[in-house]
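Each remark here refers to the structure printed beneath this line.
Throughout, read-outs are computed from the coordinates displayed, never taken from laboratory work. As the structure is a computational prediction, the values presented were derived from the model and not from experiment. Virtual Cβ from ideal backbone geometry, glycine too; neighbours counted across all protein chains shown.
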Amino acid sequence: MSKWNRRQVLKGMVKGVGVTVALPFLDYFLNGNGTALASGAPMPVRFGTWGYGLGGTGKLFVPQQTGPNYDLPEELSSWAPIQNDVNLFTNGHAFPDASPNRNHYTGWVVSRTGVAPDAGAGPSETIDLTIAKKIGGATRFNNLTATATADARDTYSYYNASTPNEPEWSPLAFYKRLFGLDFQDPNADEFERDARVIARQSVLSAIMDQERSLMKTVGVADRERLDQYFTGLRQLERQFEQRLTKPEPIASCVPPGQAPVDVAMDQSTESVKIRHQMMAELMAMAVACDQTRVFNMTYSAAFASTIRTGYEKPHHTCTHEEPVDEKLGYQENASFFTRRAMESWVDFVEVFKKIPEGDGTLLDNVLILGTTDVGYARTHSVDGMSVFLAGRAGGTVKSGHHIDLNGGSVAQVGYTALRLMGVDTPSWGTLSNESSDVISDVLV
Amino acid sequence: MSLGMKRSTPKLGQWFRGAALSLLTLGVLASCSPADPEPESSGTLPLTKLITAEQYSNSLAYIFGSGIDTQVQFAPVARNEGLLANSLATAGVSVGQVQTIQSVASSVARQVMNVENRNHLVACRPEAIDGADETCAADFISKIGRLLFRRALTDNEIATFVEQASVSAQELDGEELDGDKLDGFYAGLEVVLEGLLLHPEVLFIVETAEQDPNNPEQLRLDAYSLASRLSFFLWNASPDDELLAAAESGELQSPGGVERAVDRMLESPRLVEGMRAFFDDMLVFNEFKTLAKDATIYPEFTSVTAQDAREQTLRTIIDHTLNKDQDYRDLFTSRSTFMSPALAIIYGVPAQPGWAPYTFAEDSPRAGLLTQVSFLALTSHPGRSSVTLRGMALRERLLCQTVPEPPPGIDFSVVSNPDAHYPTQRQRVAAHLETPSCAGCHRITDPIGLSLEQFDGAGGYRLTENGATIDATGGLDGFEFDGAIGLGEALSQNPELPRCLVQRVYSYATGGPPEIEARAALDYFNEEFAADGYKLRNLLRTIALSKSFTLIQQSADEEERLLATNSSQ
């Protein structure tokens, strides 16, 4: 936009604002069946991920039966309330191929990119951001990412090898970002355009005009980094635009009335559970309020440092050093950590299930990919790995099944998720992890 | 698979002889003054570095004063060859981070233009506050823009932003915000300032090269880029007004100019902030953000303890190296430090309010940085000490060596001690040394950590563990000793200790891990460091004034950029 045009825009728009528009708030934004928007568009299907570290304890984790109504082994006993909402994939492999098998890394990277990382290299673009490119542009946030670990480094989402998608780690900060001053309640009675936002938009446009000249001053590799920055500015521009547009009311959007109080920023399983619950609720409501259509939650890092109060070693060290209890036949503390992680996975799925949407729940219209970094915690193996898929993706997925991947790549699940989310690619991943078949067992 | 230790420090002596010979053969040294002891250098690559949150905040504090809250958090970057700073030239900015920066920019701009601050932060007075004043807006934008962009703004840039300020001033005047009516002039300027604060040229430090007039075949940093490189290196902030003026006038690159600038910067109190940032990075103190101890095992260790432990070590280093100008190696044997009430509990010494200098007694088991709570607690688990983590940290952080990760797919049952109830760590880790696949690495880490075993996971002193007397004998590269005092002495005599500091300072200064071509320069810096008695300030000066610091390597990419720049002029 030229300077003159911007001036025109300013003159034309600013004096027109300040008009209060009263919006009747009724449920009639839905069609008669409550399954689609009044405009006829189907409910958008949203995509999320959830990640935790250190897999599980073999038979304590992997059910004996496959198909629906499978048995829940000890470490999955907490799954009972969500068993029918989730598909569980076990016995998958993250093939390193020619790359080194990097402890705590290869497993989750293959699960989320389909590509085994080389020595010293970061992950390529993760699945959530591939999907965000397709569906993230319409909302205030392109994606939302949070961690329950209170550590801003704990993310399983990467734009590229050198750009991690940094997570929110404080529930209070997360609340402020989502529902603070800049939140536009879609169900508010009044709507007013903020003249300062128009002015900001104009200045931003002037900065964007300098993109070409700035690009000339840097080398090829740095052009990509600057381009990424300008992509961020363009998203900011869209965000401003949305703040100047009257949002459609959304019945299921009920923003939290007050800000949460942060719990102690430690890594005890108790604190992590509470933080996880607080952030999961905020995240699910942000999805319900259509603030984002892509979301990521980290329960624990791959090198999980969760602490059991009174026990001297954190989760990761424990898996290495704890002797197998002779009577129990497994590492009691390591299994304790896995069980707590699974309880929080249940919490995560349930927050989506508790929010009504249309004639069902929000969970019916999302697809959540759950991953970890290893199969058997004690040996850190990258075979025998599990992947989860929660939600029904707008009625395209049948859930509640246990599926044996038979030693195939865990990337098959990622590929299935990509296709369900409408990313039309003939294959995903490389070498032994390359996947081109959707796992049909879960399709309706 | 080799489990041997990889050393990132090159074999400097051997290489230097070979390199000097080949350079002489090529006749490259012809341009070198006989009096100049520095070996020839092709310099470094020009970088485009992401500014850090601390640098952003420090720069804004210089421009607007400490009364403006500039709290900002950027995404953590990965540690690369020992430093976070080494990743800034490759780190990208996510969409989410741009939004975070925008909200900080908005908050800062609002504070600067509020009624309490604007009269002293905006130097000129508008003719009227209810509308545009292009002259005053131009004055503010050009002055602030120059400090933010680390260069003078072009006339076009100033005109663009002044126009934005003017239009916004007219349109926003009288609008309500939080119950107050906006004053047009300042509201317009606020929106423009917000935009400047999230401008890519503020967030990215773009280094550019020019032909060296003394040697047209050679490229060097241009004056503004040199000013920025110096300033972020020594002050961890953007150049100040004086340094920018020296860059603009040509003084910086005139004979003696860079020496004058560097000497001024080294004498400035802002050097303390710069070196605190460097040591914070080198000692991996970013880990303090998430350090917590199990409250049932170490109830005396709180978040205040963690914060004070970091501060104690930084104060000790600054006092030793900058205030007292002492030998860097003696930091590992010195008994002088500073004490706070929260730390006094861990150290078991009488507490005084606030921070006070403190000297450990001659018969104290504590001397040097390795016996400070920061090192001991950071390299332990939440509920116990770790022999391996401590040994690994000493090798990687202080000697620049790399201890490989355990091989993947290893059957950990060989190190999982079948009896977890051995009373001491020495017995527990013995399995490492008896198992060939583990011994390779653990032999280079565990003897170091074992000598620190008289300090628990919170850094407290102890003589027994589970009722058994602790045997604190250990070893480091041929030295054997009993306890932490001996370890500190052995470390201070280790030739890799000062070499590692040199390598880290050089990487930090130039923005990336040293390339193979830098080995001769590193040798030279090491020799100078030794000749000066291992004084930090002298090392900083040597590196800041070196050719390696200012010269830029020729590359196809660089030539293309120069062509593009010249053709657009």
Report the Cys residues of chain A lacking a disulfide-compatible partner, meaning no second Cys Cβ under 4.7 Å from their Cβ.
A:CYS318
Run the numbers for B:ARG79 and B:ALA245: contour at 0.36 nm per residue of separation, minus the present Cα-Cα distance, in nm.
56.3 nm
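Hey, any idea what the orientation-averaged projected area of the convex hull of the range B:496-548's Cα atoms comes to, in nm²?
Working: hull surface 12.9 nm².
Projected over every direction and averaged, the Cα hull of the range B:496-548 covers 3.2 nm².
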Evaluate the charge dipole of the protein assembly as shown about its Cα centre and quote only its size in Debye, nearest 20, assuming +1 on the Cβ of each Lys and Arg and -1 on the Cβ of each Asp and Glu.
520 debye
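Rounding to the nearest 20 debye, state how big the charge dipole of the range B:151-271 is about its Cα centre with +1 on each Lys and Arg Cβ and -1 on each Asp and Glu Cβ. Can you show the working numbers first?
Working: 7 positive and 26 negative charges, 133 e Å.
So the dipole magnitude of the range B:151-271 works out to roughly 640 debye.
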What is the Cα centroid distance between the range B:218-241 and the range A:205-231, reported in whole angstrom?
21 Å
With Kirkwood's inverse mean 1/r over C-alpha pairs for Rh, give me the Rg to Rh ratio of the range A:167-299, two decimals please.
1.06
For A:ALA146, the residues 5 or more places away or on another chain with a placed amide H closer than 5 Å to its own amide H are A:GLU168, A:ASN296, A:MET297, A:THR298
Backbone HN-Hα couplings from phi across the range B:207-219 [Karplus 6.51/-1.76/1.60, Hz, Gly and Pro as x]
8, 10, 9, 9, 5, 7, x, 7, 7, x, 6, 10, 9
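Assign unit charges at the C-beta atoms only (+1 for Lys and Arg, -1 for Asp and Glu), then state the dipole size of chain A relative to its Cα centre in Debye, rounded to the nearest 20.
Details: 40 positive and 51 negative charges, 375 e Å.
The dipole of chain A has a size of about 1800 debye.
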Under 5 Å from the placed amide H of A:THR163, counting only residues 5+ away or on other chains, we find B:GLY92
Dimensions (Å) - the protein assembly as shown, Cα atoms, principal axes, largest first:
83, 83, 61
Which ³J(HN,Hα) values in Hz, rounded to whole numbers, follow from the phi angles of the range B:371-381 under the Karplus curve 6.51 cos²θ - 1.76 cosθ + 1.60, where θ = phi - 60° and Gly and Pro get x?
9, 7, 4, 4, 5, 5, 7, 5, 9, 10, 7
Which whole-percent values make up P(r) of chain B when all C-alpha to C-alpha distances are grouped in 10 Å steps starting at zero?
3, 15, 23, 23, 18, 11, 5, 1, 0
Would you please give the residues with an amide H less than 5 Å from that of A:GLY48, counting only those at least 5 places away or on a separate chain, with H modeled from the backbone geometry?
A:PHE295, A:LEU367, A:ILE368, A:LEU369
Using only Cα atoms and rounding to the nearest 10 degrees, what angle (0 to 90) does helix B:484-493 make with the longest principal axis of chain B?
60 degrees
Counting each pair of different Cα atoms once, what's the Kirkwood radius of chain A in Å, rounded to one decimal?
23.1 Å
Expressed as an acute angle from 0 to 90° and rounded to the nearest 10, what is the orientation of the C-alpha long axis of helix B:95-112 relative to the principal long axis of chain B?
60 degrees
Given A:LYS313/B:LYS293; A:LYS354/A:LYS398; A:LYS273/A:LYS313; A:LYS134/A:LYS246, which pairs have Cα atoms separated by over 21 Å?
A:LYS134/A:LYS246
Are there any chymotrypsin sites (Phe, Trp or Tyr not before Pro) in the range B:488-551 that are in a DSSP loop and have at most 12 other Cβ atoms within 10 Å? List them by number.
none
Of all DSSP beta bridges located in the protein assembly as shown, what percent are antiparallel, nearest 5?
65 percent
Could you order the peptides A:253-266, B:127-140, B:365-378 from most to least packed, using the average number of other C-beta atoms within 10 Å per residue?
B:365-378, B:127-140, A:253-266
Against the longest principal axis of chain B, how steep is helix B:223-235, in degrees 0 to 90 to the nearest 10, with axes from Cα atoms?
40 degrees
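Report, in order of residue number, the helices in chain A meeting two criteria: a C-alpha extent of 18 Å or more along the helix axis, and a mean Kyte-Doolittle hydropathy of at least 0.0; treat each whole DSSP H run as one helix.
Correct list, ordered by number: A:195-208, A:269-288.
Determine, for A:LYS176, B:LYS293, the number of other Cβ atoms within 10 Å of each Cβ, and report the residues in order from fewest to most. Walk me through the numbers before you get to the answer.
On the way: A:LYS176 16, B:LYS293 25.
Ascending Cβ contact count within 10 Å gives the list A:LYS176, B:LYS293.
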Working note, the range A:325-435: Cα radius of gyration (Å, one decimal) and Dmax (Å, whole number) are 16.6, 52
Taking a crude spin-label model, label points 7 Å out from Cα along the C-beta direction, the B:ALA530 to B:ILE129 distance in nm is 6.5 nm
